[in-house]
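Student: What follows is a structure written as structure tokens; I'll ask about it next.
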């Protein structure tokens, strides 16, 4: 049911660029410990995906994928030879659905699964499990480096570290179901490397983009005459593990030179899903010997791809927007509770601030409906903004703060298959202790930061490893990062450029048009903005606020972490007010200037 209501458009933008090297939580994830995973799992197994089968739900509004996992060891639960693990998303024909920050498995995915019963009734005959805590509930094995990783944790030594930690929690030995000689495999790889490993001399360029078709040239020796693999740090999984580019993305290979497209891979067919991020690269020759570069490859931004064999071999394809609403773009609609702030006061305004940032910087043609919907599931054709609901198909896994679900449809064009985003939905966790831009941020997660990040995914951007980028794969709690950086803006403009270009396709693609609305302040806010001056800026010890023709009620000053530094009542002051900052540290501050129920925010630099 749709109900007409006026939409509030009060914007407050508070942000800063993260510079600390130590990271504690992924932007849309909260870390779930191994202890909690083991406690809440009914089944913990080591296994390998041997088959993946995507299928539509009954209403053909959502694709799920059921993965058959061959079990090697059982660490908790009843012994079983194979199990079915359910994930949300998949590819069927020229239709695809993916979910950000979700577990993605494919044939060959091998590791430790912490599982519990799926609460989504899909009418399947076999019992389905899902990973407890979603993407965090699978520890992916890298046999070359003998590591097991999830987005937060890297266990160096599968048996010596991961096994021992789990056994200490279960206080029982594991049950062997089938042989899996990972140590023997790892020893063979190490033995090959000790004989005659390849050698990387360098690569160019040293800064590049991922998922855009950009080509990296690697030089060295001992690569061999037969094509091997090129691995990149995976920014979807903390950057710790490597994942290999598709064979089709390795454009040339000889003993001294390799050329390869820098990959972003999303599929349910092979164990290579990932987004290339900043870090070292790895070359593995045809015999299994490998070498890791000494230098770091810098990935400035990444764009989402869809990967699969659609008649031209297994390849990755770019995605883009189109004219979905007949007015040149997409219309988003807020769910009732979200719109009316029933669950969290401040959520609509924080979301709209992030929304405004993307469309004003990149011209993406997004609009917000002035109505709300009572629908609270993303399994619909509407582009929903909502909080999750326990026990339903849109319930987020434990530890997940937010996700963007994007549906794609493929068109056969003269340039190849073009994948257009047909549906975009964003879900936020209802139970998270959110921060909405004012007050004490201690122990909270900044809502606008997560919204800006998830909208970046909706804009077809992938993760990066760069703390100054809003698409950085993780973020410290109690930190605000709600300002669009230059690289994200460049990436968004690149996606928008191809989204607005006409192409010869079947079925035809109606291109997106530029956002035609006005950006910035409302008429009332413009009056407030033009009537107030803050000077000098930068300043050392104090600054002045000059009011030309508006009355100022109070001034609030926040530091870059969102902490309130000062709250000053100046309702009885003269037109010029002096603010003392002598006891404040150097850095960036945000000054909220209130007048007759409205406020504007100005940046202040204290040097």
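Student: If you average 1/r over every pair of different alpha-carbon atoms in the chain and take one over that average, what Kirkwood value in Å do you get?
Tutor: In the chain this quantity evaluates to 25.8 Å.
Student: Among 519, 360, what is the fewest-to-most ranking by other Cβ atoms within 10 Å?
Tutor: Neighbour counts put them in this order, fewest first: 519, 360.
Student: Now for a separate question. Once you keep just the Cα pairs under 8 angstrom separated by 6 or more residues, what percentage relative contact order results for the chain?
Tutor: 15
Student: Helix 486-499 versus the longest principal axis of the chain: what is the Cα-based angle in degrees, 0 to 90, to the nearest 10?
Tutor: The angle comes out near 80 degrees.
Student: For the range 196-304, report the % of Cα-Cα distances exceeding 20 Å.
Tutor: So the portion of pairs separated by more than 20 Å is 30 percent.
Student: Which distance in nm do the two modelled labels at residue 596 and residue 553 give, with both placed 7 Å along the Cα-to-Cβ direction?
Tutor: 1.2
Student: Hey, another quick one. Between residue 207 and residue 309, how high is the FRET efficiency from 1/(1 + (r/R0)^6) when r is the Cβ-Cβ distance and R₀ = 45 Å? Nearest 0.05.
Tutor: The calculated FRET efficiency here is 0.90.
Student: How do 293, 499 rank when sorted from fewest to most other Cβ atoms within 10 Å of their own Cβ?
Tutor: In order of increasing Cβ crowding within 10 Å: 293, 499.
Student: Taking the Cβ of each residue in 296, 283 as the centre, tally the other Cβ atoms inside 10 Å and list the residues starting with the fewest.
Tutor: 296, 283
Student: Also, quick follow-up: Could you check the simple spin-label distance between residue 412 and residue 390, using points 7 Å along Cα→Cβ, in nm with one decimal?
Tutor: In this crude label model, residue 412 to residue 390 measures out at 5.0 nm.
Student: I want to check the label-to-label distance for residue 438 and residue 506. Put each point 7 Å from Cα in the C-beta direction and report it in nm to one decimal.
Tutor: Here the answer is 5.9 nm between the modelled labels.
Student: Starting from the Cα of residue 214, step 7 Å toward the Cβ, then list every residue of the range 493-512 with an amide N under 18 Å from that point.
Tutor: Counting only backbone N, you get 493-498.
Student: Round to the nearest 10 and give me the degree value, 0 to 90, for the angle of helix 182-195's Cα axis relative to the longest principal axis of the chain.
Tutor: In the chain, helix 182-195 runs at an angle near 90 degrees to the longest axis.
Student: Can you tell me the FRET efficiency between residue 160 and residue 51 if r is taken as the Cβ-Cβ distance and R0 is 25 Å, rounded to the nearest 0.05?
Tutor: Once the sixth-power term is evaluated, E becomes 0.20.
Student: How far is helix 447-458 tilted off the main Cα axis of the chain, in degrees rounded to 10, range 0 to 90?
Tutor: Relative to the chain, helix 447-458 is tipped by roughly 50 degrees.
Quick note: the coordinates plus some simple rules give every number you see, no bench work behind them. Because the structure is predicted, anything quoted here is derived from the model rather than measured. Don't worry about glycine lacking a Cβ; one is built from the backbone with ideal geometry, like all the others, and counts go over all protein chains shown.
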